[in-house]
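Novice: Questions regarding the structure given below will be posed in turn.
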Amino acid sequence: MIHLFDGVRALGFGAVTAKMLMACLCGTLIGMERSSKNRPAGFRTHILTCLAAAVAVLTSLYIFLEMKLPADISRIGGQVISGLGFIGAGTIVITKRLTIKGLTTAAGLWTTGIIGLAIGSGYYELGLLGTALVLFTETVLERLSRSIKPSPEYGVELLYNEKTSLDRVLRHCKDSSMAIVNLRIHTLDEGEEAHYAAEISLRGSVKCEALLDRNHQIPGVVSAVAL
């Protein structure tokens, strides 16, 4: 513990003011980083989230310590953590290319609320350390994440006659350490050479050509082409 904060850990007016100002500061620091990247939740959203969490835990402490009521001081804080999930969900969007954006902002918003709980309870050291680590994650580690190349993703259209053929193809994909991202199956009209068609989206290190060659050898498979 840092003894510098000992005088503002109680519930006096000065201590409460210091907690609210620090919650505002931490929310501003995290929110400004998000605003600089035009994210849906900017610095005002982060400030309000951190302030609201601080008010919630201060209210719990006041009810228990000052009013002497038999209350569970962790209950309001627990509800804050659950409620932040709904706010964060509003920042997550799915683009036209079926990619997900906003997960980092949602996680940062949720973390900011928990930092507010720590500050409101008087644990300033944890709140400041959490703020520093959030900023480190959203700035320095972002550059590292860009250097990590994801596994290539491609699609395969499979035409087959036997229902068990698709199971064999999917099993082969899993055995080849291929992740199945999406799968769509539909029945073809009568009279066609194949009875079923499946569109499979895959992600992995196996080359598409090698996978197609292996699928052609599976009984019941009429054709397998890249999308």
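Each reported figure results from applying straightforward, stated rules to the coordinates on display, with no laboratory input. In this text the structure is predicted, and so the values were computed from the model without any measurement. Here the Cβ positions follow ideal geometry from the backbone for every residue, glycine too, while neighbour counts run over all protein chains shown.
Novice: How big, in percent, is the set of alpha carbon pairs in region 60-136 lying more than 18 Å apart?
Specialist: The proportion of pairs with Cα distances above 18 Å equals 54 percent.
Novice: Another question about this same structure. Give me the number: length gained by fully extending GLN79 to ASP189, i.e. 0.36 nm times residue separation minus the C-alpha to C-alpha distance, one decimal in nm.
Specialist: Stretched fully, the GLN79-ASP189 segment lengthens by 34.2 nm.
Novice: Taking 7 Å along the Cα-to-C-beta vector as the label spot, tell me the HIS216-LEU69 distance in nanometres, rounded to one decimal.
Specialist: About 7.5 nm separates the two model spin labels.
Novice: Let me ask something else about it. Test of understanding: extend the Cα→C-beta vector of ALA15 to 7 Å, then name every residue of region 126-151 with backbone N under 18 Å from that spot.
Specialist: 126-128
Novice: Just to confirm a number: summing +1 for Lys and Arg and -1 for Asp and Glu over residues other than ARG143 whose beta-carbon lies under 15 angstrom from that of ARG143, what do you get?
Specialist: Residues close to ARG143 contribute a combined charge of 0.
Novice: Near the amide H of LEU188, under 5 Å away, which other amide H atoms are found, from residues 5 or more places off or on another chain, if H is placed in the peptide plane?
Specialist: TYR196, ALA197
Novice: Could you calculate the FRET efficiency of ALA226 with ALA107 from 1/(1 + (r/R0)^6), where r is the beta carbon distance between them and R0 is 30 Å, rounded to 0.05?
Specialist: For R0 = 30 Å, the calculated efficiency reads 0.30.
Novice: Averaged over all directions, how much area does the convex hull of the C-alpha atoms of the chain cover when projected, in nm²? Write out the running numbers ahead of the final one.
Specialist: Details: hull surface 72.3 nm².
So the Cα hull casts an average projection of 18.1 nm².
Novice: Find the lysine pairs in the chain meeting two conditions, Cα atoms under 22 Å apart and a separation of 8 or more places or different chains, and report how many there are.
Specialist: Count of close lysine pairs: 10.
Novice: Ok, one more. Which helices pass in the chain if a helix is a full DSSP H run, must span at least 20 angstrom along its long axis by Cα, and must have mean Kyte-Doolittle hydropathy not below 0.5?
Specialist: Counting only whole DSSP H runs, the qualifying helices are 13-35, 43-61, 73-89, 103-120, 124-147.
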